[in-house]
Every structure is written in C-alpha cells, then in structure tokens.
Amino acid sequence: MEIIKLKEEYIKLGQALKAANLVESGVMAKIVIQDGLVTVNGETETQRGKKLYDGDVVSFENETIKIVK
C-alpha cells in the first residue's frame, strides 16, 4: 500500500495517481479514471478532479493508495 501525505487539505485524484507512480502522466490518469478503472473508498470514481482527504483509499490495478494527513 502506497501512503500519500497531504501537504494541503486535499489532493485531487489524478494528482494522487501520479504521485504514487501508478500512471505516467495527467493524460493517462484522465483516461484510466474516465474508463472506470479507479475506485475511491470502494466506489468507482470517474471524476479526475475528485478531492481526496485524510483517510480516503484509492485502488487501481491491484495497487492501493491511502491518503493521510
């Protein structure tokens, strides 16, 4: 499980995927999110700009990211 520490109040979903090195670019993040391949807290998420807060869990291709403050 990858841990992302928040520097601000939140991080956007596309940025989190890039920060965890699960995608190579913002364009790639946009594609996998729009294709419904990413879940946030167990629910499919299709908004690249979805704000993630402390405690949120993101899953993509059998990888998990936990957002912590």
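Could you give each residue of segment 35-41 its phi-based ³J(HN,Hα) in whole Hz, using Karplus coefficients 6.51, -1.76, 1.60 with θ = phi - 60°, and x for Gly or Pro?
Values per residue, Gly and Pro as x: 7, x, 8, 10, 10, 10, 6 Hz.
Rounded to the nearest 5, what % of DSSP beta bridges with both residues in the chain are antiparallel? Don't jump to the answer; show the numbers that get you there.
Values: 11 of 15 bridges.
Looking only at bridges with both residues in the chain, the antiparallel portion is about 75 percent.
Can you pull out the GluC sites (Glu not before Pro) in the chain that DSSP calls coil and that have at most 11 other Cβ atoms within 10 Å?
Details: sites: E2, E8, E9, E24, E43, E45, E61, E63; in loops: E8, E9, E24, E45, E61.
Filter output for the chain: E8, E9, E24, E61.
In terms of solvent-accessible area of protein heavy atoms at a 1.4 angstrom probe, what is the ranking of L17, L22, highest value first? Provide the component values of the computation, followed by the final result.
On the way: L17 0, L22 45 Å².
Putting L17, L22 in descending order of accessible area: L22, L17.
Kindly list the residues of segment 44-69 that lie in the label zone of K5, defined by a backbone N under 16 Å from the point 7 Å along the Cα-to-C-beta vector.
54-55, 66-69
Leaving out same-chain residues fewer than 8 places away, which aspartates and glutamates sit with a Cα under 14 Å from that of K7?
Straight-line reach from K7, under 14 Å: D54.
In terms of modelled amide H atoms, which long-range or inter-chain residues lie less than 5 Å from the amide H of K50?
Sorted by chain and number, the residues that satisfy this are L13, G14.
Treat each spin label as a single point 7 Å out from the Cα along the C-beta direction, and report the A19 to K69 distance in nm.
So the two model labels end up 1.5 nm from each other.
With a cut-off of at most 12 other beta carbons within 10 Å, and DSSP calling the residue loop, which chymotrypsin sites (Phe, Trp or Tyr not before Pro) in the chain qualify? Please list them.
Values: sites: Y10, Y53, F60; in loops: Y10, Y53.
Sites meeting the loop and neighbour criteria: Y53.
The values are calculated or read from the model by the stated rules, or taken from the named source; none is laboratory data. Keep in mind that what you see is a predicted model, and the values were worked out from it rather than measured. A quick note on method: Cβ atoms are made from the backbone with ideal geometry, for glycine too, and the neighbour counts reach across all protein chains shown. To get the accessible areas, we keep the full protein, side chains included, count just its heavy atoms, and leave off ligands, DNA and RNA. Shrake-Rupley method; radii C 1.70, N 1.55, O 1.52, S 1.80 Å.
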